[in-house]
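**Q** Below is the structure I would like to discuss, written out as structure tokens.
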Amino acid sequence: MLQYLIRRVVTLAITLIGIMVVTFFISLVIPADPLSSIAGPQAPQETVDRLRKLYGFDQPIYIQFGRYANRLAHGDLGTSFQTGRPVLEDIAKYFPATFELATIALFFSIIVGIPLGVLSAVYRNSPIDHFSRVLSLIGVSMPVFWLGLVFLLIFYFKLGWFPEPGRLDIMLIEPERLTGMLLVDSLIALDWEVFFDALKHMFLPAFVLGLYGLAGIARIVRSSMLDVLSQEYIKTARIKGAREFIVLTRHALRNALIPAVTIIGLTYGGLLEGSVLTETIFSWPGLGRYLGTAFLTLDLNAVVGGTMLVALTFCLVNLVVDLLYAFLDPKITLARS
Amino acid sequence: MKTSLGKLVAFTALVLVLVIPYAGAAGRSDVLVVGMATSDIISLDPAKAFEFSGVGIEAQIYDRLLDFPEDRFDKPEFSLAESFNVSEDGKTWTFKLREDVKFHSGNQLTAEDVVYSFKRVVYLNDQPAFILTQFGIAEDSIRAVDKYTVEIKLDNKYASGIFFSCLAAGVASVVDAKVAQQHEQKTDKYPDGDRGLTWLSRNSAGSGPWILRKWEKNESVILDANPKHFMHPPKLKRVIIKEIVEATSRRLQVEKGDIDIAWQMFPDQIKSLMKNADLRIESSPAMVIWYLGINVTKGPLADNRVRTAIRHAIDYNGIIDSIMGGAASPINTFIPEGFAGYEDKVYYKEDLDKARKLMADAGFPDGFEIEMDHGDQTPSPELAQALQNSLARIGITVKLNKLISSQLWPKYRAQKHDLILARWGPDYVDPHTNAQPFADYKAKVLSWRNVYYNDETSAMIQKAGQEMDNDKRIAIYKEVNQIIQTEGPYAMLFQPKYEHAVRNNIDNFTAAPTFDLWKLYPITKK
């Protein structure tokens, strides 16, 4: 186990270095000029040239890369053009908001998606199966932008069940920032007003994001359950007189969960990148909008730093998924995988 | 399992109970909440801020020697300065300051603060610095004559109207020197010290009607009133500028009453907002001009008959009605409505017969193929398609290139475009900020980018820049505009309007043509 983990950490470090090198060079060789974007359309060429020198973009690429790599080795991701702050500080600011939202959204996807998938498989072609199919179809096919606006219109504007977009009511004062996650920070501070308000603000964006994850999870659990339910050992369990609930949960679901865990891992990795559209509609100050703007303006330090964070997140999620495989199916051993 | 399921149901029920009774936040009678897109802010330091929202917010926090009143933008009035003198040669300006101004810190505002503020702009030399340095202002050309008198030496004689407008610009804001010096630090870019730049990007050291309480990028800007302001103590206690990028979301929130003002709404939303009796729409012509830039060295475009044909082929009214939803006006001058010198004279209307004849006269009866570059943000793609359709009617086949800003502007600056759809907004509030880029190629901006090297208009603009008689100066701009409209490298498309949704309990709101001219201090809330 330890040997396996060490191997994975080494692979992770190599992956991150590769990502850094590739992203850095792609950002510099594409036919676009980040300085022109920073200076704005009105500035004369002299201003652009002055900024190019100020930011060190007038140097040959290998020198720029050397400087960047050197800084990175010292734990410095550089300064973002769009915020004027160190990229590491920006990530520490925006990632917790995305992490909190993604985790709640995934929680929703799992607690609804797995039972829905099981029920769809057990009651195949019944109304619940049809309902699950339609819900999955909505989750997968409806653009999140449209879905977000419709939910805002209905549940915020018409019914008034949920508060306006944003993380917190603007009149409330945030508790001391410890983790950057409002729910956690407010719990630590025992500030219940902020906690419940943050929870209310979280509901709609988490639901919209969760619906997307739910669709994939419900469908994969359904098909996997159908496959497992036709296996001999399920018949054996039933013949032995096991209760149907036990057959479904202990014998069938545990085996059917392995492909679902893969999907859950991928979904979580995707959610942790942040969703530009959801964050835009719900005024959520997360990583998605930060990176979206960074890519559009070619904010080099933010692009490379953000890409490495996303890669790191995916690698860690994959690692957890692999560890879960072994837990769910003792036949899978980590040494061999 | 049963127990777990029970807990899950109980938890879900609890969440629903917590969430459903939501009834909206209350207790905001002395707080103004504005919903707008503010994600462009990079810094709130006057020496660095040059983005639309950054300058707008910074203008509320700091005072300048001169400033524009909330409802008139033709010439600035005294603010920190209470009188001035100019030398015979027009190069040395002396300003006498008010003696009753205190910074938010409690420090007295003196001539030393003005000197420090201008010197740090020159030293930091960031994007807006040219607004001051274009007059030859250097670190050694400004000094404190006494505690409340400042002397500024310029490298030449300049029109007072231009100079005063620049002194009223955000970059000329006066910073509390003591506070800035306390927060000085050495950085990679400024190894000798950053004059407080890093700290001031997120904090403030001003004397203005509003005090910066907090700025969280992509979230909100919170301003608290400065009740001790020497001239304009605000009527409200606090202003919260909430970041709402999505216009539909702004619309829903202003209709619901969660925000008081929805900044800059789009035409299709304005139509539905007008049906809401709790709101009104406040609008102002934006000091922005949308134009089609024509590179006069690219094949047929070198012939002014072709350029004139293009100007006559455009369906101006169709573009304004269908794409801008009527929230724009035709314009045939580089001086937008709101500036001195604006004229509503129409040089070009859609006239296809005339356009086709001009094309035939120029030797292109069957048209030609050409490329048009444009941005990727609405309404650029829609406008570009409309222009493509317009020009197709006189045989010009336009290939559209949709580019992101970091591709579009380098291409424009490198003079590599054929046609380009672009817009221009003023850097400061004087017609010179438009006349110079549009007509003086030596300024290396628009005229230069379109390779229109007209020495006559260039000389006229430079003459206007030094003309102390304002009426004569404006007359020169009008004369130059006639030349530019007749043979220049542009087709002027329209001047858009800013339209804001304001709840009826908000009074004394005056829509301004730019965000930095918008004053928050007079606003009241019932």
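The values are calculated or read from the model by the stated rules, or taken from the named source; none is laboratory data. What you see is a predicted model; the values in this text were computed from it and never measured. As a convention, Cβ positions derive from the backbone with ideal geometry for all residues, glycine included, and neighbour counts pool all protein chains shown. Calculation scope for accessible area: heavy atoms of the full protein, side chains included, ligands and nucleic acids excluded. Shrake-Rupley method; radii C 1.70, N 1.55, O 1.52, S 1.80 Å.
**Q** Based on the Kirkwood radius over alpha-carbon pairs, what is the Stokes-Einstein translational diffusion coefficient of chain A at 10 °C with 1.306 mPa s viscosity, in µm²/s?
**A** 70
**Q** Between A:Leu187 and A:Ala92, what is the FRET efficiency for a Förster distance of 22 Å, r being their Cβ-Cβ separation, to the nearest 0.05?
**A** 0.65
**Q** For a Förster distance of 45 Å, can you work out the FRET efficiency between the beta-carbons of A:Phe107 and B:Lys275, rounded to the nearest 0.05?
**A** The calculated FRET efficiency here is 0.65.
**Q** Right, another one. Looking at this model, which pairs from B:Lys75/B:Lys463; B:Lys91/B:Lys463; B:Lys157/B:Lys186; B:Lys354/B:Lys497; B:Lys235/B:Lys256 are more than 27 angstrom apart at the alpha-carbon?
**A** Listed pairs above 27 Å: B:Lys157/B:Lys186; B:Lys354/B:Lys497.
**Q** Related question: Give me the summed buried accessible area for the B-A pair, 1.4 Å probe, to the nearest 100 Å².
**A** Rounded to the nearest hundred, the buried surface is 5300 Å².
**Q** Could you point to the residue in A:Pro175, A:Gly210, A:Ala198 farthest towards the positive end of chain A's charge dipole, with +1 and -1 charges on the Cβ of Lys/Arg and Asp/Glu respectively?
**A** The residue sitting farthest along the positive end of the dipole is A:Gly210.
**Q** Write down, largest first, the equivalent ellipsoid semi-axes of chain B in whole Å, where each equals the square root of 5 times an eigenvalue of the alpha-carbon gyration tensor.
**A** One finds semi-axes of 40, 35, 21 Å for chain B.
**Q** Okay, which of segment A:128-153 sit inside 15 Å, backbone N to the point 7 Å along the Cα-Cβ direction of B:Lys256?
**A** The answer is A:148-153.
**Q** Relative contact order for chain B: what is it in percent, counting Cα pairs under 8 Å that are at least 6 residues apart?
**A** Value for chain B: 19 percent.
**Q** To continue, here is another question. Which cross-chain or sequence-distant (5 or more) residues have an amide H under 5 Å from the amide H of B:Leu400, H modelled 1.01 Å from N in plane?
**A** HN-HN under 5 Å from B:Leu400: B:Met372.
**Q** Tell me the net charge near A:Asp33. Cut-off is 10 Å between Cβ atoms, A:Asp33 excluded, with +1 for each Lys or Arg and -1 for each Asp or Glu.
**A** Charge balance near A:Asp33 sits at +3.
**Q** Using only atoms on other chains, find how many Cβ atoms lie within 10 Å of each Cβ of peptide A:25-34 and report the average.
**A** What the average comes to for A:25-34 is 3.
**Q** Could you list the residues of segment B:139-172 with an amide nitrogen less than 18 Å from a label point located 7 Å from the Cα of B:Asn85 in the Cα-to-C-beta direction?
**A** Zone members listed by number: B:142-154.
**Q** Next question. For A:Thr293, what accessible area in Å² do you get when you roll a 1.4 Å probe over the heavy atoms of the protein chains, rounding to the nearest 10?
**A** A:Thr293 exposes around 60 Å² with every protein chain in place.
**Q** Where the Cα atoms of segment A:225-337 are projected onto their three principal axes, how long is each span, largest first, in whole Å?
**A** Principal extents (largest minus smallest coordinate, Cα): 64, 37, 17 Å.
**Q** Straight-line reach from B:Lys416: which lysines have Cα under 27 Å away, leaving out those fewer than 8 places along the same chain?
**A** Answer for B:Lys416, where 27 Å is the Cα cut-off: A:Lys53, B:Lys298, B:Lys399, B:Lys402, B:Lys442, B:Lys444, listed by chain and number.
**Q** Just counting partner chain Cβ atoms within 10 Å, what average do the residues of peptide A:153-164 show around their Cβ? If you can, show how the numbers build up before the last one.
**A** Values: counts 2, 0, 3, 7, 7, 2, 2, 6, 5, 3, 7, 14.
Counting Cβ atoms of other protein chains within 10 Å of each residue's Cβ and averaging gives 5.
**Q** On the protein heavy atoms, probe 1.4 angstrom, tell me the percent of accessible surface of chain B carried by carbon and sulfur.
**A** The C+S portion of the solvent-accessible surface of chain B is 49 percent.
**Q** OK, next. Could you order the peptides B:477-485, A:217-225 from most to least packed, using the average number of other C-beta atoms within 10 Å per residue?
**A** Taking the mean over residues of other Cβ atoms within 10 Å, the ranking is A:217-225, B:477-485.
**Q** Additional query: Roughly how many Å² is the accessible area per residue of chain A, as a whole number, for a 1.4 Å probe?
**A** 46
**Q** Same structure, new question: What share of Cα pairs, in percent, lie more than 45 angstrom apart in the protein assembly as shown?
**A** Cα-Cα pairs in the protein assembly as shown separated by more than 45 Å: 35 percent.
**Q** Provide the solvent-accessible area of A:Leu137, counting protein heavy atoms only and rolling a 1.4 Å probe, rounded to the nearest 10 Å².
**A** 110
**Q** Starting from the Cα of B:Lys119, draw a straight line to each of the aspartates and glutamates and keep only those under 15 Å, dropping any in the same chain fewer than 8 residues away.
**A** Reachable aspartates and glutamates: B:Asp45, B:Glu139, B:Asp140, B:Glu151, B:Asp176, B:Glu184, B:Asp192, B:Asp194.
**Q** Over chain B, give the accessible area per residue in Å² for a 1.4 Å probe, as an integer.
**A** On the way: 20290 Å² over 526 residues.
So chain B comes to 39 Å² accessible per residue, rounded to a whole number.
**Q** Each residue of segment A:190-196 in turn: what ³J(HN,Hα) in whole Hz from Karplus with 6.51, -1.76, 1.60 and θ = phi - 60°, glycine and Pro shown as x?
**A** Result, ordered by residue: 6, 8, 5, 4, 5, 4, 5 Hz.
**Q** Hey, what D do you get for segment A:70-185 in µm²/s if you plug the Kirkwood alpha-carbon radius into Stokes-Einstein at 25 °C and 0.890 mPa s?
**A** Result for D is 135 µm²/s.
**Q** If you don't mind, another one. Averaged across the residues of B:410-416, what count of C-beta atoms belonging to other chains lies within 10 Å of each residue's C-beta?
**A** Mean partner-chain Cβ count within 10 Å for B:410-416: 4.
**Q** Mind ordering B:437-445, A:4-12, A:312-320, A:26-34 by average Cβ neighbours within 10 Å, highest first?
**A** Working: B:437-445: 21.3, A:4-12: 13.1, A:312-320: 17.4, A:26-34: 15.7.
Packing proxy ranking, top to bottom: B:437-445, A:312-320, A:26-34, A:4-12.
**Q** Ok, one more. In whole Å, what are the Cα extents of segment A:2-73 along the three principal axes, biggest one first?
**A** Principal extents (largest minus smallest coordinate, Cα): 58, 20, 15 Å.
**Q** Still on this model: Order A:Tyr290, A:Tyr55 by their accessible area, 1.4 angstrom probe, all chains in place, largest first.
**A** A:Tyr55, A:Tyr290
**Q** OK, next. Would you list, by chain and number, the aspartates and glutamates whose Cα falls below 15 Å from the Cα of B:Lys271, excluding same-chain residues fewer than 8 positions away?
**A** B:Lys271 reaches B:Glu255, B:Glu282, B:Asp321, B:Glu499.
**Q** Same structure again: Å³ per residue of the Cα convex hull, for segment B:289-497?
**A** With only Cα atoms used, segment B:289-497 gives 108 Å³ per residue.
**Q** Taking each pair of different alpha-carbon atoms in segment B:329-383 once, compute 1/r for the pair, average those values, and report the inverse of that mean as the Kirkwood hydrodynamic radius in Å to one decimal. Write out the running numbers ahead of the final one.
**A** Numbers: mean 1/r = 0.0685 Å⁻¹.
Its Kirkwood hydrodynamic radius stands at 14.6 Å.
**Q** Determine ³J(HN,Hα), in whole Hz, for all residues of segment B:33-44 in sequence, where each value follows from phi through the Karplus function 6.51 cos²θ - 1.76 cosθ + 1.60 and θ = phi - 60°; x replaces Gly and Pro.
**A** Residue by residue, segment B:33-44 yields 10, 10, x, 7, 8, 10, 5, 7, 5, 9, 8, 10 Hz.
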